Every structure is written in C-alpha cells, then in structure tokens.
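Below: the structure, in structure tokens.
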Amino acid sequence: MRSGAVGAAVVAVHTAVNARLLRAPADHAPVRERVSVVLPVRDEADRIHTCVTALLGSRDVLDLEVLVYDDHSSDGTGAILRRMAARDLRLRVLTGPEPGPGWLGKPHACAQAARHATGTVLVFVDADVTVTPHGLARAVGLLRRTGLDLVSPYPRQVAVTAAERLVQPLLQWSWLALLPLRAAERSARPSLAAANGQFLCVDAAAYERAGGHSAVRGAVLDDLALLRAVKRSGGRGVVADGTDLAVTWMYDGWQPLRDGYAKSLWAAGGDPAASAGQLALLGWLFVAPAVAAARGSRVGLAGYLAGVASRVVAARRTGGRCWPDPVAHPLSVFLLGQLTVLSWWRHRRGTARWKGRPLPTATTVPTATTVPTATTVPTSTTVTTAGTADGAPCIGSRPWHRSSWSEREWADSPPRHDSPPRGIGSPSARPRTGSAASSAGTSVPATGSTPDRPC
C-alpha cells in the first residue's frame, strides 16, 4: 500500500511537470502556405454542417481547401455536403469504392482524400470537432514554430452524462499523467507516442515519407499508428494543447460511449497480457488506495488524494471539470477496466463493429492493397438537405441554431476552464440522438442558448 501511495504521488508530480511542458499554440498569425483539411465522414448528418461551417469560417488561413470524403453515408450527409460545396469552391466532396481487403473505413477515407490534397500542411479533422475561428491557423503555426513534423492539438472534450464524466476525462489525463512529453518528442519508441485523430496537423512531405494512411490501413487506432509511422521515417511529433483551438462532444450517453471504447481499447494494449498489466498498474496506483482509505488507512487516503490531485491538474490544464469529477477517479479507472475487458471480449469473438462495418478480429491479417482513386461528387444547388422545411439542418428532430460561440465572443470572453463553450453546455441544447453537434466557430451573431451551469 505504501508503494502504491508513493507511486500515485509520483504520477501527480509528473502530471504537474507535464502541464508546464505541454506545447501550446501561440497567438494567431496569418498562414500563407496552402493548408488542406481532410475530413472523413460516414453518416454524420446531425453534425456535418456545424463542422464544415466552422472549417470554412477559419480566419488567417489565406489558402485553404477542405476535402471531405463521404464514405457511403446513408443518412443525408452527402446531400448536405453537396449543397455546401455549391456555395463555397474551397470545399470539395469526394467519394469512392468501399474499403478493400486489409483496410479499415477511416484510414481508407483519409488516404483517399489525402491523395487529392495540394497543401504543404495536412490537417485531419473528425466530424464531431468544431474548430475555433483561429484554430486552424494556430495549429499550423504551432507545427511550424516547433519544427515538428506532426502535432496533435488535443481538442477540449465535453462530457455531460454520468458515464461521459467518468470516462472521458481519462483521455487527457492518461497522456498528461503517464507520458513524458519532451522525451516523447525525441524518441522513436512506439510506446512513447500519443495522438488524437480528431485534430491532427502534419507536414505534407513528412506524411508522404511515412507512407500516409496506407502505412496504417488496418489500424483501429490510426492516429497513434500514423504518429508512429512518422517517427519510424525519421520525423518527430507529439500531442499538444488544443483546448482553445477546438471542441468535441464524442459520445452522448452510455451506449455510444461503451461501443466507442469497446471497438478500440483492445488495440491500445496490444495484447491481452499487456492490457492486463496496464490495468493492474492502474488498479494498484489508484483503486487499491481508495479501497484502503475507505477502511481507515491513512496511507491509502494519501494515495487516493494523490490520484485526485493528478486529475485536478489535468482538468485545469485541458479545460475539464476540476470538481467534483476527480473525486471519482478510482471509479473511473475501474470502469475503464470493465470497458477494456469488454473490448477484448468483442475483439476475440469478432462482434466488434463501427459505423455498420465489422472490425478486424484476432485472426485478421491486413493485406496490402492499392488505394482506388476517389472521385469528386458533382455539386448541385437543387439538392435538398436533411433538415427543416427551409433547408436548415437539424440536430435530431430539432432545428439547428448557431451558438453564441462566435469569433467576437471567443476573443472577448473565452470560456472558463471548468465549463464548455457557451451554447453547447446544456443537455437541453443537444437532444439525445447518439451523435454530437458542437457550436460553429463563425462570426455570425448568436442565437443559441447560454447555460447557467457547467456541463
């Protein structure tokens, strides 16, 4: 118990050190090189309008193209995209064949779109991400200022329900507490890597040298695999602070959260023995002390408080909720263990699926295939979108309204680090549809709601 408490205290100190060393973007400045944003989508009608509107509203990116690969969506995503592309020539909508043998859906979509990119910088973004008006410019500026080949600005993660608040903060906490950031920048070791495909900025030449997404065609954690490929090719990269650059609402409730983590946690461990070892370490450091503290152990109490302190530091640094969620850190770690077991169970049985497609099983061996050429979808101003009678897109069954997260609001009064950007922080602002819709970072006047409490 003493060794566990000491270990938890060491982790807390390391979290504080990393919080000081975490790369952060400088103030925005004009980006004069060509920037290509790659956005893979599949059945994202509830949030694609918000995401793309924010990207096209980016400031200080003087030469921008947005390449959206529509991966056989069946919910109206393509119709919305075609209508938007007809209004802005910087947006290109691409489509192509189903992924071939050995390819997973997202790497395939990214590879297809990246082949059409003409920029010297590639920015990969997910559909559940909304960038701030200067988010793209500051991300590219961070890439160039640091001299790195890849930076992954970690977006601010919004969590509302109890399940989200228990699990989602572990995303930022895990690498901030356990990964030596400066060593990770310099080292090519696969274990010293962390990245988030929600928002990933890479030098185009380094991307080509690494083999692009063809090199990670069968990777469930394609973002992490891409960073490792960049490092193997002689490049450098690291996770960075994207709290003020973008926001995302990954999962809406327990079921989508469970399925989302169940598809990928097995890959994070590598093999069952490694996953078991990782969970045993986390349980020794953060669960056992809490159990001992409940039985009256002072040493256990010290270890438990060290774990809580580590979570508080991570939350303050990454825009999370500092109280009371960190108090439940042992329960969060325990729930992570349950999700990991479920992930391995589904992986072994071959029942894991995502976006309607099966994921590789333990016996699947990826095979090398060429990437078929994607084609541009013709635009048409007569295409109707999924939404209201006047053509406005919907979030679930309700009309979408632009939030108060405008360029003026963001510049004058940035949101507190313990609350989400205004306009998306209330559960009532986002119906329970199983998909996210974040605020659009544009300068259009606000019409959305402003919650009076953090989410």
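Is it the case, given these coordinates, that residue 28 is outside the structural domain of residue 311 (by TED's automatic domain parsing), on the phi < 0 side of the Ramachandran plot and in a loop (DSSP other than H, G, I, E, B)? Yes: the conditions hold for residue 28.
For segment 36-51, the condition of being surrounded by fewer than 17 Cβ atoms within 10 Å (Cβ to Cβ), closer than 21 Å to residue 213 by Cβ and touching a Ser or Thr at 6+ places or on another chain (Cβ under 8 Å) holds for none of the residues. Return a yes/no flag: does segment 133-143 have any residue that is in the same structural domain as residue 35 (by TED's automatic domain parsing), farther than 21 Å from residue 220 by Cα and of a type in the set (D, E, K, R). Scanning segment 133-143 turns up at least one residue that is in the same structural domain as residue 35 (by TED's automatic domain parsing), farther than 21 Å from residue 220 by Cα and of a type in the set (D, E, K, R).
Is it the case that some residue within segment 246-266 is within 22 Å of residue 145 (Cβ to Cβ) and surrounded by 23 or more Cβ atoms within 10 Å (Cβ to Cβ)? Please lay out each step first, then the result.
If we filter segment 246-266 for residues that are within 22 Å of residue 145 (Cβ to Cβ), which is where we start, we get 246.
Then drop every residue that is not surrounded by 23 or more Cβ atoms within 10 Å (Cβ to Cβ), which leaves 246.
Looking through segment 246-266, at least one residue is within 22 Å of residue 145 (Cβ to Cβ) and surrounded by 23 or more Cβ atoms within 10 Å (Cβ to Cβ).
A search for C-beta distances below 7 Å between a residue of segment 213-230 that is more than 13 Å from residue 110 (Cα to Cα) and modelled with pLDDT of 90 or more and any residue that is outside any helix (DSSP H, G or I) and among the acidic types (Asp, Glu), counting only pairs 6+ apart in sequence or on different chains, returns 230/149.
Being under 25 Å from residue 237 (Cα atoms), within 23 Å of the chain's Cα centre (by Cα) and surrounded by 20 or more Cβ atoms within 10 Å (Cβ to Cβ) is a condition met by no residue of segment 83-102. Candidates are the residues of segment 288-330 that are part of a helix (DSSP H, G or I) and hydroxyl-bearing (Ser, Thr, Tyr); the one that is surrounded by the fewest Cβ atoms within 10 Å (Cβ to Cβ) is 318. Can we say residue 285 is among the aliphatic types (A, V, I, L, M) and farther than 30 Å from residue 353 by Cα? For residue 285, the condition - among the aliphatic types (A, V, I, L, M) and farther than 30 Å from residue 353 by Cα - is met. Note on segment 57-105: residues that are within 19 Å of residue 136 (Cβ to Cβ) and polar (S, T, N, Q) total 1.
Output the number of residues of segment 35-87 satisfying the condition of being hydroxyl-bearing (Ser, Thr, Tyr) and in a helix (DSSP H, G or I). Steps first, please.
Applying the first criterion (hydroxyl-bearing (Ser, Thr, Tyr)) to segment 35-87 yields 36, 50, 53, 58, 69, 73-74, 77.
Those left that are additionally in a helix (DSSP H, G or I): 50, 53, 77.
Result for segment 35-87: 3.
The values are calculated or read from the model by the stated rules, or taken from the named source; none is laboratory data. These numbers were taken from a predicted model, which means no experiment stands behind them. Note that we place each Cβ from the backbone using ideal geometry, even for glycine, and neighbour counts take in every protein chain shown.
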